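Everything below concerns the one structure shown next.
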Amino acid sequence: MTTTPAAPHRERLQLSHLLFAAPALLFFLIFAILPLLGVVALSFTSWNGIGAIEFTGLTSWTEALSRETTWRGLLLVLLMIVATWVLQTPLSILLGTFLAGQQRYRGVLAVLYFLPLLLSSSAIAITFKSLMDPNFGLASGLGLPFLKQNWLGDSTLVWIVLLVIIAWQFIPFHTLIYQGAVRQIPQSMYEAAQIDGAGRVRQFFSITLPQLKYTLITSSTLMVVGALTYFDIIFVLTQGGPGVSTRILPLDMYLTGFRGNEMGVASALAVILVVLGLGLALGVQRLGGKDASASQTEGA
């Protein structure tokens, strides 16, 4: 059986693809896989961060899984995932659809909407913490009594504050994703709908939303996984308080490791977060169907 002329060319093409991907794969191996393996190994040890590392088997895992703060932190982070998704997704879709238009003023609005993306989470948290101070913040400066609330000291109000700040910071990112997706929808579909007498609302629910299915899956995956990293905002604003009402699992991991000097237990919590993130991401992809990587304009 003779080798076809196309075979050597295909092999060279595959080799060139591998060579181009090699730096990224090496970077991922050094800065992602190896540290992850180190954390997994550390979860089977007992270490205070300074002294000698001692292998203790499942002791750190047993300690982590037996603590009430672990399960409360897991419940709070799941609550954070659901709440941020419910709040951010509809607003991101609506803003993305609105900004996908070609009117000149929408470009100015887009710049204003995307300004929060330029700011760090820590800077945003410090700013909002100052603004909400009941004695020296907006309530005092503007003379607005209804703003003089114990925003960060009430277990209910603090969650409202956190969700609003997170939405304000990250909705622009997801808006940008939906904006690009809406602009990829063929205009012929809207023209045909207009001929059939469909208004803008009907076009939105019958054309725009169905065509955004795979973009919704991508955005939801980023939201779900991103909610597991909301550490800096909560740490600066509340330190996990009042009490432990905002001590989500990522913050609990930090406090356990760097304040409680229990690196083994903190590593076990980190592994739980990784597994949780992978599971949720795969779950979102599965809910979107097996063909979630297909083009959003298929069948157009």
Return only the number of the condition from (1) more than 28 Å from residue 213 (Cα to Cα); (2) within 22 Å of the chain's Cα centre (by Cα); (3) surrounded by 13 or more Cβ atoms within 10 Å (Cβ to Cβ) that residue 170 does not satisfy.
(1)
What are the residue pairs meeting all of these: first residue in the stretch 260-278, first residue without any contact (Cβ under 8 Å) to a residue 40 or more places away in the chain and over 20 Å from residue 78 (Cα atoms), second residue of a type in the set (Gly, Ala, Ser) and in a helix (DSSP H, G or I), Cβ atoms under 9 Å, and 6 or more apart or on different chains?
260/266
If you check every pair at least six apart or on different chains, which have Cβ atoms under 8 Å apart with a residue in the stretch 140-168 that is touching a residue at least 12 places away in the same chain (Cβ under 8 Å) first and a residue that is among the charged types (D, E, K, R) second?
152/129
Picking from 25, 74, which residue would you name as being surrounded by 10 or more Cβ atoms within 10 Å (Cβ to Cβ), modelled with pLDDT under 90, closer than 20 Å to residue 274 by Cβ and out of contact with any Ser or Thr (no Cβ under 9 Å at 6 or more places or on another chain)?
25
Please indicate, with yes or no, whether at least one residue in the stretch 186-205 is within 30 Å of residue 239 (Cβ to Cβ) and touching a residue at least 12 places away in the same chain (Cβ under 8 Å).
no
From the residues in the stretch 256-278 that are part of a helix (DSSP H, G or I) and open to solvent by 40 Å² or more (accessible area, probe 1.4 Å), which one is farthest from residue 226 (Cα to Cα)?
259
Could you identify the single residue in 126, 81 that is among the β-branched types (Val, Ile, Thr), open to solvent by 90 Å² or more (accessible area, probe 1.4 Å) and in a helix (DSSP H, G or I)?
126
Filter the stretch 28-40 down to residues that are touching a helix residue (DSSP H, G or I) at 6+ places or on another chain (Cβ under 8 Å) and either open to solvent by less than 60 Å² (accessible area, probe 1.4 Å) or within 16 Å of residue 63 (Cα to Cα) (or both), then give me how many there are.
2
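The values are calculated or read from the model by the stated rules, or taken from the named source; none is laboratory data. Keep in mind that this is a model prediction, so the values were computed, not measured. As a convention, Cβ positions derive from the backbone with ideal geometry for all residues, glycine included, and neighbour counts pool all protein chains shown. Ligands, DNA and RNA are excluded from the accessible area calculation, which covers all protein heavy atoms including side chains. Shrake-Rupley method; radii C 1.70, N 1.55, O 1.52, S 1.80 Å.
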